[in-house]
1. Taking Glu179 as meeting all but one of (1) part of a helix (DSSP H, G or I); (2) within 25 Å of Gly51 (Cβ to Cβ), write down the number of the exception.
2. Taking Leu227, is it open to solvent by less than 50 Å² (accessible area, probe 1.4 Å), assigned to a helix (DSSP H, G or I) and touching a helix residue (DSSP H, G or I) at 6+ places or on another chain (Cβ under 9 Å)?
3. Restricting the first residue to region 209-236 and requiring it to be farther than 19 Å from Gly134 by Cβ, which pairs with a second residue that is not in a helix (DSSP H, G or I) meet a Cβ separation below 8 Å and a spacing of at least six or different chains?
4. From the list Ala171, Ala207, exactly one residue is over 24 Å from Leu88 (Cα atoms) and hydrophobic (A, V, I, L, M, F, W, C). Which is it?
5. Does Gln128 fit the bill of being open to solvent by less than 50 Å² (accessible area, probe 1.4 Å), more than 27 Å from Cys22 (Cα to Cα) and not aromatic (Phe, Trp, Tyr)?
6. Looking at Ala178, Ala112, Ala139, Ala160, which one is more than 25 Å from Phe29 (Cβ to Cβ), open to solvent by less than 20 Å² (accessible area, probe 1.4 Å) and among the aliphatic types (A, V, I, L, M)?
7. Check Cys20, Cys15 and return the single one that is at pLDDT 95 or above and not basic (Lys, Arg).
8. Give region 116-142 a look and list any residue that's in contact with a Pro (Cβ under 8 Å, 6 or more places away or on another chain) and among the small types (Gly, Ala, Ser), or say none.
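The values are calculated or read from the model by the stated rules, or taken from the named source; none is laboratory data. Keep in mind that this is a model prediction, so the values were computed, not measured. No Cβ is skipped: glycine too gets one built from the backbone with ideal geometry, and neighbour counts run over all protein chains shown. Areas reflect the complete protein model, heavy atoms only, side chains present, ligands, DNA and RNA absent. Shrake-Rupley method; radii C 1.70, N 1.55, O 1.52, S 1.80 Å.
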Amino acid sequence: MANIITKQIPNTLTCCNLVCGCVATYNAFSALFEQAFLFIVLGAAFDFFDGMSARLLGVSSPIGKELDSLADDVTFGVAPSAMIFTLLSAAQWPAAMQPAAQVLPYAAFAMAAFSALRLAKFNLDERQTSSFIGLPTPANTLLWASLIVGAGDWLASSAAGIAATLVLMLACCWLLVAEIPMFALKFKTWGWRGNEVRYIFLATSVAIICACGILGVGVAIAWYILLSAIVAHRGR
């Protein structure tokens, strides 16, 4: 009996991630961006612990892998798309862009599609066992959630903010599937050697978030992308 329960712990945590993604999506469509951000963070926590528990308990399964991808695309694909869609739908579009104002918000859902593609590639790509190729979906989602919560008023109230949202959205869709190596926060040992980049990133990110608040999460993700590109360039 205990063994049966143990086997279900990772999948239960994955389902909690899925539920958080559904709640985050509902809040996003309701323009309750702070609540959406909270449930995205909770979903990310469940996503972290479901994989960890599966490895610790030795109960990884093909079903768990497929379920994890489904949950991730809701929490880290549909939810941020819903946030961007709601933001653009309520934005103060300039007169020159009014003809497209009814259509362009729907472009936000391209991010859900690219996130699904990113997750499918991750499941099949044997190069991504200890690092990533392309921007991880949780990082992309935290970037958008923090940006919309921290700077949503500016993004939705000016032509420059709307343009920046559209351009950044296209850039993130590309980064999700780009062949760009990005380091993972996976520690095989706790020593400095071999983990220099991870410790530098964590230390600087804590400082950034403490200084900038919620918006600092997005700044930290941007720093992660830049640092990954620097490390990849130096490793060539």
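1. Glu179 satisfies every listed condition except (1).
2. Details: open to solvent by less than 50 Å² (accessible area, probe 1.4 Å): yes; assigned to a helix (DSSP H, G or I): yes; touching a helix residue (DSSP H, G or I) at 6+ places or on another chain (Cβ under 9 Å): yes.
Judged against the criteria, Leu227 is a match.
3. From region 209-236, no pairs qualify.
4. Details: Ala171 fails: over 24 Å from Leu88 (Cα atoms).
Of Ala171, Ala207, the one residue that is over 24 Å from Leu88 (Cα atoms) and hydrophobic (A, V, I, L, M, F, W, C) is Ala207.
5. Working: open to solvent by less than 50 Å² (accessible area, probe 1.4 Å): yes; more than 27 Å from Cys22 (Cα to Cα): yes; not aromatic (Phe, Trp, Tyr): yes.
Answer is yes for this residue.
6. Numbers: Ala112 fails: more than 25 Å from Phe29 (Cβ to Cβ); Ala139 fails: more than 25 Å from Phe29 (Cβ to Cβ); Ala160 fails: open to solvent by less than 20 Å² (accessible area, probe 1.4 Å).
Among Ala178, Ala112, Ala139, Ala160, only Ala178 is more than 25 Å from Phe29 (Cβ to Cβ), open to solvent by less than 20 Å² (accessible area, probe 1.4 Å) and among the aliphatic types (A, V, I, L, M).
7. Values: Cys15 fails: at pLDDT 95 or above.
Criteria check complete, one pass: Cys20.
8. Ser131
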